[in-house]
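Quick notes on the structure that follows.
The values are calculated or read from the model by the stated rules, or taken from the named source; none is laboratory data. What you see is a predicted model, and the numbers here were worked out from it, not measured in a lab. All Cβ positions, glycine included, derive from the backbone under ideal geometry; neighbour counts span all protein chains shown.
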Amino acid sequence: MAKTQNEYDVIIVGSGAAGGMSALVLAVHGLKVLMLEAGRNYDPVTETPMFQLPSEAPLRGGGTPEKPFGFYDATVDGGWQVPGEPYASADDANFLWWRARMLGGRTNHWGRISLRMGEYDFKPYSRDGLGFDWPMTYADVEPYYDRTEALIGVYGSNEGLENTPNSSPGVLLPPPAPRVHELLTQKVCADRMGIPVIPAHLAILSQRQDFEGWPARLFPNNALAQRVVRESMRSRAACFWATPCGRGCSIKANFQSTTVLLPPALATGNLDIRTDAMVREVTVDSRGRATGVHFIDKTTRIDEHASAKVVVLAASACESARLMLNSRSSVFPDGIGNGTGLVGKYLMDTVGAGVGGQFPQLENMPPHNQDGSSELHLYIPWWLYGEQAAGKLDFARGYHVEFGGGRRMPGPGAFGGLESYTSGAYGLRFKEAARRYYGSWMWFDGRGEMIPNEDCYCEIDSDGVDQWGIPTLKFHWKWSSHELNQARHMQHTFRDIIEAMGGKVTSTVQDDGANAIAAPGQIIHEVGGAIMGSDPRRSVLNQYCQSWEVPNLFVTDGAGFVSNADKNPTLSIMAIAWRASDYLVEEMNRGTFG
Amino acid sequence: MTEEQRPPIDRRTALKVIAAATAVPAVLAACEPGETDLGRPSPGTRNPLAVGTPSDPDLLAPVVPWARSLTPDELETLASLCDVIIPADDRSPSASALGAHEFIDEWVSAPYDGMKKDKVLVRGGIVWLDGESDRRFGSRFRELSLVQMSEICDDICYGPDAAPEFQAASRFFDKVRDLTATAFYTTKEGMEDVGYVGNVPLSQWDPPPPEALRHVGL
């Protein structure tokens, strides 16, 4: 088996939100880093299909099993099924495992929604006795939220709402003006329902970053870091309000690991990246210290080994858990760092349920550009903390609401179903109806907190192996009544909003949450599987993403999450990875890792 | 970074190229807002990193990787039906002029389960449509007058109102209408028809115009 030539300080497995952030922070502090990415190299600057119309693509750009979010979606070699890399679900679990086998992982296509967890979210057990508390507080992570937002560029506003933290002054970029349907929703929700509709926070540059000011504030006394971050920020353009973010962004106006984190990390000269490198296991010495990783070079199908003083897993929550479980040795017969048996346990996704509506007042809208950032300008943060505390709701945790619609670029399925508004129009009547109804539909999607439970976990499938010879995962899943009741509440609330706005509901409103809730994994917010904590007997990692049992093993992705607040996880993953990486650098400099 | 002719690049080389690009001032000038051709690949650009598989197609130079399967005769009937569904008017061309029937061929020929079902529905529907035209008027559908075509289509254009003997045909019509609309409105001409005015780079994002706000009573 071939060996890599260099001895590295750190090996990072994965190149997405966690891997990219870990690599940047470690590299700017002078550590020699090898990043291993299971997918191919990917360069948004040269590869992104900007402005292309659906008519130029197969199936008018519609989704296929190989490209689930459509032809132009940035994800390549990814989806809920990856050829040659199967997984199993226990009966009725129906778990869907999204993977993105490409440099930058799923940061290339994500929704850019960047919400901070709040004070409550770090101490959920203390508030309602369910789940677990995090080992750190919001105040511990707050500086890293500020730094992460400033580094990647996030638009939004500070509204001072409960458990919806403000960013420090000057951190956020100005939010884009809302579109007509968003303003209408905001007014009706405020006037008639007492529901706050406020600017959403998204990792999109509404204006260029302060590339002269931020580098020194983010990395004081670090000339290398300041240089590479300044160059990276200078190379990013502001959003020009066209072409969907999900395709990626050739002008780097939105956040992708491949445009924002990896280029400056590479520019330090301290980072090497091997793509097409599928990691199989973490190796250990006789003392149980990590020594490196085995990986399969996908182009040669040859197993190689790379060595380093520290191994950082950032392969995504379930993939990192799989790696730990597959890293068996005489010291760790049940997987590295898994003396507690908790690796793979307490998986969580986000509760998702939605309702659509059609709005007569949006018909025949005077034509104007409604593209905006292509993503949310406004959203509804969770607003019923008081009712929940008073015991008036039959679910313990909150959700936020993402909503949209309007005169977006027509895509596959455009005007499908129009016959139901016109008793089957065709001919010139159909064309007239399309003009009238275009842009008059909206959708409301809830994104809610799931509480970790004993029935949601993954384990190594004794029957399964992938095409690289690596044992595969089997998933188990069971929602609790908290999630199902929350999904029902979403359905009823969205119906009420749509009707208050004078619209007509166009989808079936479910009274049974089980019929409304998205399949586990479908929202692609899976976290947990190597939870952190303050007690080594009841957690896998400490608050710095460091294995209790293997001090030179870190897991900086979502696997460490002990709760999954309704705040989409990517921003928190990056803030927590940055904090962990600072700690890793300090420990490295103290000689902890030899 | 877009050389087309060179052999597959070594992955490490590629990554070093990314690093170098971030340090090249020429890139920065191109990133100033307001440059309308920014980020738009020139025609014919190919992506040297894409492998060309269904999960990694070349997004800059799309190709339909499967063969089409409808016969020229089927396509002719289909084109006539597409144009009954979306005819030309003073704002935009007809559906077949924008290739709707060819798109439906592409769709029903795709190697995916849903499309395979649609293929049975569409091919069977074409046979029915020409047969029904012959039964009623003694001609193929394409040869009928618009009045005659409409007489058939009126019976099958709306499932809830269709007679029992026309239920199957109404499902066919529904499918072709949906696919025709997808084909038509995803083109530049179809987008202009409904007044989609986006997909253009803007130097700043403005609030909605006053007439749009007045339209919804804001």
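Do you know which residues across the stretch A:560-586 are touching a residue at least 24 places away in the same chain (Cβ under 8 Å) and of a type in the set (D, E, K, R)? A:D566, A:K567, A:R579, A:D582 - these are the residues of the stretch A:560-586 that are touching a residue at least 24 places away in the same chain (Cβ under 8 Å) and of a type in the set (D, E, K, R).
When residues in the stretch A:281-310 are screened for being among the aliphatic types (A, V, I, L, M), closer than 24 Å to A:I460 by Cβ, crowded, with 17+ Cβ neighbours inside 10 Å and out of contact with any helix residue (DSSP H, G or I) (no Cβ under 9 Å at 6 or more places or on another chain), 4 of them pass. The set of residues from the stretch A:64-93 being assigned to a loop (DSSP other than H, G, I, E, B) and more than 11 Å from chain B (Cβ to nearest Cβ) comprises A:F69, A:W80, A:E85, A:P86, A:Y87, A:A90, A:D91, A:D92, A:A93. Taking A:G170, is it farther than 23 Å from A:G246 by Cα and within 14 Å of chain B (Cβ to nearest Cβ)? When the stated conditions are applied, A:G170 does not pass them.
When the stretch A:409-430 is limited to residues that are part of a helix (DSSP H, G or I) and not aromatic (F, W, Y), the one that is surrounded by the most Cβ atoms within 10 Å (Cβ to Cβ) turns out to be A:E419.
Exactly one residue among B:D193, B:D178 is facing chain A (nearest Cβ under 8 Å) and touching a residue at least 12 places away in the same chain (Cβ under 8 Å), and that residue is B:D193.
The listed residues are A:G391, A:G406, A:G424, and the only one of them that is of a type outside the set (S, T, Y), touching a Lys or Arg at 6+ places or on another chain (Cβ under 8 Å) and on the phi > 0 side of the Ramachandran plot turns out to be A:G406.
Screening the candidates B:A61, B:A67 for the property of being within 13 Å of chain A (Cβ to nearest Cβ), over 22 Å from A:P83 (Cα atoms) and at pLDDT 95 or above yields one hit, B:A67. The set of residues in the stretch B:67-96 being surrounded by fewer than 17 Cβ atoms within 10 Å (Cβ to Cβ) and under 16 Å from the mean Cα position of the chain (by Cα) consists of B:R68 alone. For the stretch A:281-304, taking the residues that are within 12 Å of A:V550 (Cα to Cα) and aliphatic (A, V, I, L, M), the one that is farthest from the chain's Cα centre (by Cα) is identified as A:V284.
Against the criterion of being closer than 30 Å to B:G198 by Cβ, of a type in the set (A, V, I, L, M, F, W, C) and out of contact with any strand residue (DSSP E or B) (no Cβ under 6 Å at 6 or more places or on another chain), A:F332 does not qualify.
Is it true that B:S139 is modelled with pLDDT of 95 or more and within 14 Å of chain A (Cβ to nearest Cβ)? Answer is no for this residue. The set of residues in the stretch A:384-404 being surrounded by fewer than 22 Cβ atoms within 10 Å (Cβ to Cβ) and under 27 Å from the mean Cα position of the chain (by Cα) consists of A:L384, A:Y385, A:Q388, A:A396, A:E402. Would you mind stating whether B:A181 is surrounded by fewer than 19 Cβ atoms within 10 Å (Cβ to Cβ), within 26 Å of the chain's Cα centre (by Cα) and more than 30 Å from A:I251 (Cβ to Cβ)? So B:A181 fails the test. A:M102 meets all of the listed conditions (1) surrounded by fewer than 19 Cβ atoms within 10 Å (Cβ to Cβ); (2) within 14 Å of chain B (Cβ to nearest Cβ); (3) not small (G, A, S) but one, namely (1). Taking the listed residues B:G131, B:G217, B:G190, the one that is under 30 Å from A:T185 (Cα atoms) and either more than 27 Å from the chain's Cα centre (by Cα) or charged (D, E, K, R) (or both) is B:G217, with no other qualifying.
Taking the stretch A:435-461 as the range and being within 21 Å of B:T186 (Cβ to Cβ) and in a strand (DSSP E or B) as the test, the residues that pass are A:W441, A:M442, A:W443.
Applying the criterion of at least 1 residues that are at positive phi to the helices (runs of 4 or more DSSP H) found wholly in the stretch B:89-201 leaves an empty list.
Each residue in the stretch A:458-488 was checked for being modelled with pLDDT under 95 and of a type in the set (S, T, N, Q), and 1 pass. Criterion applied to A:Y155, A:Y125, A:Y87 was being in contact with a helix residue (DSSP H, G or I) (Cβ under 9 Å, 6 or more places away or on another chain) and modelled with pLDDT of 95 or more, and the one residue passing it is A:Y87. Over 19 Å from A:G16 (Cα atoms) and buried (at least 20 other Cβ atoms within 10 Å of the Cβ): does that describe A:G62? When the stated conditions are applied, A:G62 passes them.
Of A:P174, A:P86, A:P178, all but one fail to be out of contact with any Phe, Trp or Tyr (no Cβ under 8 Å at 6 or more places or on another chain) and within 29 Å of A:D371 (Cβ to Cβ); the exception is A:P178. Residue pairs whose Cβ atoms lie under 6 Å apart, separated by 6 or more positions or on different chains, with the first residue in the stretch A:545-559 and over 21 Å from A:T107 (Cα atoms) and the second basic (K, R), are A:N552/A:R289.
For the stretch B:145-163, what are the residues that are more than 9 Å from chain A (Cβ to nearest Cβ), of a type in the set (A, V, I, L, M) and in contact (Cβ under 8 Å) with a residue 12 or more places away in the chain?
Result: B:M149, B:I152.
For the stretch A:221-245, give me each residue that is in contact (Cβ under 8 Å) with a residue 40 or more places away in the chain, more than 10 Å from chain B (Cβ to nearest Cβ) and over 13 Å from A:G153 (Cα atoms). Those that are in contact (Cβ under 8 Å) with a residue 40 or more places away in the chain, more than 10 Å from chain B (Cβ to nearest Cβ) and over 13 Å from A:G153 (Cα atoms): A:N222, A:L224, A:A225, A:C245.
Applying the set (1) over 26 Å from A:W214 (Cα atoms); (2) of a type outside the set (V, I, T); (3) buried (at least 20 other Cβ atoms within 10 Å of the Cβ); (4) over 21 Å from the mean Cα position of the chain (by Cα) to A:F122 leaves exactly one unmet item: (4). Inspection of the stretch A:6-21 identifies no residue that is closer than 16 Å to A:T258 by Cα, charged (D, E, K, R) and assigned to a loop (DSSP other than H, G, I, E, B). Answer with yes or no whether A:I531 is more than 20 Å from A:Y125 (Cα to Cα) and under 22 Å from the mean Cα position of the chain (by Cα). Criteria not met by A:I531.
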